[in-house]
Amino acid sequence: WSDSGDAFSTESTQWSDSDSDGYGDNNDPLAFQPDACPSTAGNSTLDRYGCLDGDGDGYSNPDANSQAHPFGSADAFLNDSTQWHDTDADGFGDNPAGNNPDSCPSEHGTSTGDRYGCPDGDGDGISDANDAFPTDPFRSGDNDGDGLDDALEDDCPTAWGDSTEDRFGCLDSDGDGWSDPTMNWNSTNGADAFPLDAT
């Protein structure tokens, strides 16, 4: 090919560029940057050369020749330049520095409240690993481990307790059901006037 007729006058493995995108038509494995989409001008460079890349992250848009990751090598997130791979195919990207990064990239999940993309058996948005009630969609947090949901049931969510009469889940030293008095809650409010005497 003469220099004037060669689209790549300094590259011996390429000579024509049908779509004029800068990637050569010769798709031989030894050829320099062969155009995977020779009839469509494109700017992809990371998974394939010369295919459409709508968000400009270097990964090509999926097409008939390459499915979206993980089923193919193409971009799983066409409109998000910060994400491109999705190993577990749950809609959350593998790039930890990108938008909505998958905290469990190898395990399909739907959580969005505490972490993205982790298993959430009850569908409340909190991942099973952080959900104190993983089978109850109406309850999720129990910081003090007393079996009562912090937001819905526990009147003392930061301190373990088993009171049930005046307040739920507060310290009850004598076990009579009435909570021990505190600085903000005393016998006037309903706390136990005799916190060490169950009778």
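Please indicate, with yes or no, whether at least one residue in the range 12-22 is within 35 Å of the chain's Cα centre (by Cα) and at pLDDT 95 or above.
Yes: the range 12-22 contains one or more residues that are within 35 Å of the chain's Cα centre (by Cα) and at pLDDT 95 or above.
Of all residues being crowded, with 18+ Cβ neighbours inside 10 Å and in contact with a Pro (Cβ under 9 Å, 6 or more places away or on another chain) in the range 150-169, which is farthest from residue 104 (Cα to Cα)? Just the residue, please.
It comes out as 169.
What are the pairs with Cβ atoms under 9 angstrom where one residue, in the range 150-176, is among the β-branched types (Val, Ile, Thr) and the other, located anywhere, is open to solvent by less than 80 Å² (accessible area, probe 1.4 Å) and not in a loop (DSSP other than H, G, I, E, B)? Sequence gap at least six, or different chains.
Filtered contacts from the range 150-176: no entries.
Within the range 26-45, is even one residue at pLDDT 95 or above, under 20 Å from residue 89 (Cβ atoms) and in contact with a strand residue (DSSP E or B) (Cβ under 9 Å, 6 or more places away or on another chain)?
Within the range 26-45, none of the residues are at pLDDT 95 or above, under 20 Å from residue 89 (Cβ atoms) and in contact with a strand residue (DSSP E or B) (Cβ under 9 Å, 6 or more places away or on another chain).
In the range 30-50, which residue that is hydrophobic (A, V, I, L, M, F, W, C) and farther than 13 Å from residue 63 by Cα is most open to solvent (accessible area, probe 1.4 Å)?
That would be 30.
Just one of the numbered conditions (1) over 30 Å from residue 95 (Cβ atoms); (2) open to solvent by less than 30 Å² (accessible area, probe 1.4 Å) is not true of residue 197; which one?
Of everything listed in (1) over 30 Å from residue 95 (Cβ atoms); (2) open to solvent by less than 30 Å² (accessible area, probe 1.4 Å), residue 197 misses just condition (2).
Would you please name the residue that is nearest to residue 71 (Cα to Cα), looking only at residues in the range 83-140 that are out of contact with any helix residue (DSSP H, G or I) (no Cβ under 9 Å at 6 or more places or on another chain), in a loop (DSSP other than H, G, I, E, B) and among the hydrophobic types (A, V, I, L, M, F, W, C)?
89
Which one of these is in contact with a strand residue (DSSP E or B) (Cβ under 7 Å, 6 or more places away or on another chain) and either under 29 Å from residue 17 (Cβ atoms) or open to solvent by less than 20 Å² (accessible area, probe 1.4 Å) (or both): 131, 53, 102, 94?
Of 131, 53, 102, 94, the one residue that is in contact with a strand residue (DSSP E or B) (Cβ under 7 Å, 6 or more places away or on another chain) and either under 29 Å from residue 17 (Cβ atoms) or open to solvent by less than 20 Å² (accessible area, probe 1.4 Å) (or both) is 102.
Is there a residue being small (Gly, Ala, Ser), closer than 29 Å to residue 137 by Cβ and out of contact with any Gly (no Cβ under 8 Å at 6 or more places or on another chain) anywhere in the range 181-197?
no
The values are calculated or read from the model by the stated rules, or taken from the named source; none is laboratory data. None of the values given here were measured: they were computed from a predicted structure. Positions of Cβ are generated from backbone atoms using ideal geometry, with glycine treated the same way; all protein chains shown enter the neighbour counts. Just the protein is used for accessible areas: all its heavy atoms, side chains included, with ligands, DNA and RNA removed. Shrake-Rupley method; radii C 1.70, N 1.55, O 1.52, S 1.80 Å.
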